[in-house]
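All remarks here apply to the structure that follows.
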Amino acid sequence: MSGNKIHKTHFTQPEMPWRKNKEETVELKRERPIIFNAEMVRAILNGNKSQTRRVIKPQPKYDRFDHIGCNFSGLWMGWPESMDDIIWEAHCPYGKIGNQLWVRETWATPGNYDHIKPSKLLDYMFPSSSLKYRATEKYGDAYFRWRPSIHMPGWASRIQLEVLSVKVETVQDITDEDIVAEGGFVYGSGAWEWFIPLWNSINEKRGFGWDTNPWVWVVEFKVIEVKNGHKN
C-alpha cells in the first residue's frame, strides 16, 4: 500500500453529490456499539480523547484514490478522475454525523451474578451503580470476575458518544494534532513513539500493523453522557 500518495479530497457528508442506487435507501441505526480498552476509556473520561481510528474491513483493494467522499445516506465512495468510475463503496460501521455510539468496555456485575451469561442479565436485576468498570475500578482484578467488553449489553454501558465527523484515510496520514486527539499527551517525535506501538499492540496481530498502512475510519466524537458520575 505504501509508496503512492493519496489525493485527499474529503467532503462532509451533506455536501457530497450522490448517484442513484439501492445503497442510498439503507437505514442506518442511530445508536451503535464501539469498543475501547481501559486506557482509552480513561482518556475519554478525562477529556483527553476525541478521535478514534478503526481499520476498514474489508480493506479497499486499491492503494490510492483521487477522491474520497460520502453521500447523505452515509455511503462512502472512492474514485479516480470521474464519478462514473467509482471503484470502492462502504458504509462506516460507526455511523455518520449525529449518530450516537455507546461504549463497550471491560465490566463486572456483583459476585452473585457471576454465573449468569451476559445475554441472560437484565438491567432491572440490580441498579447500574452496582456495575464495575475495569478502567476506573480502584480495587483491581482480585475482587471481580471481569467480563469482556464484547459481551457488554447496551444497558450496561455508562458512556454515550455523539459522532461529530467521519473521514477515510490511511493510518499513516495521522498528524501530531490527531495523535493528541487520540489520547496522546505530547507533540513531535514523542507523539509517534506513543501512537505507533499502541496501534501495533491492537492491530498488528490482525495483519494491520503500522507498516502495512491500512485504510481506516477516522471518527471524531464528543461525550454526551456518562452514567453514575464516573466522568472526571
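The values are calculated or read from the model by the stated rules, or taken from the named source; none is laboratory data. Please read all numbers here as calculations on a predicted model, not as lab measurements. Here Cβ is always computed from backbone atoms with ideal geometry, including for glycine, and neighbour counts include all displayed protein chains.
Tabulated values for the structure
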read-out: Candidate set from the stretch 174-226 (those that are part of a loop (DSSP other than H, G, I, E, B) and among the hydrophobic types (A, V, I, L, M, F, W, C)); member that is farthest from the chain's Cα centre (by Cα); value: Val186
read-out: Residue within the stretch 163-175 that is loosely packed, with under 12 Cβ neighbours inside 10 Å, of a type outside the set (Val, Ile, Thr) and in contact (Cβ under 8 Å) with a residue 24 or more places away in the chain present; value: no
read-out: Residue among Ala108, Ala135 that is crowded, with 19+ Cβ neighbours inside 10 Å, within 26 Å of the chain's Cα centre (by Cα) and free of Cβ contacts under 8 Å to residues at least 40 places away in the same chain; value: Ala108
read-out: Strands (runs of 3 or more DSSP E) wholly inside the stretch 42-89 that include at least 2 residues being under 16 Å from the mean Cα position of the chain (by Cα); value: 51-55
read-out: Residues (farther than 11 Å from Thr106 by Cα and aliphatic (A, V, I, L, M)) located in the stretch 132-167; value: Ala142, Ile159, Leu161, Val163, Leu164, Val166
read-out: Some residue of the stretch 8-24 being aliphatic (A, V, I, L, M), modelled with pLDDT under 85, surrounded by 14 or more Cβ atoms within 10 Å (Cβ to Cβ) and farther than 30 Å from Trp155 by Cβ; value: yes
read-out: Pairs, first closer than 15 Å to Trp217 by Cα in the stretch 60-85, second modelled with pLDDT under 80 and outside any loop (DSSP other than H, G, I, E, B), C-beta under 8 Å, six or more apart; value: Cys70/Gln13; Gly74/Gln13; Leu75/Glu23; Leu75/Glu24; Met77/Met83
read-out: Qualifying residues in the stretch 96-153 (those that are in a loop (DSSP other than H, G, I, E, B) and aliphatic (A, V, I, L, M)) - the one farthest from Pro33 (Cα to Cα); value: Ile116
read-out: Pick from the stretch 186-213, criterion among the aromatic types (Phe, Trp, Tyr) and touching an Asp or Glu at 6+ places or on another chain (Cβ under 7 Å), ranking: surrounded by the fewest Cβ atoms within 10 Å (Cβ to Cβ); value: Tyr187
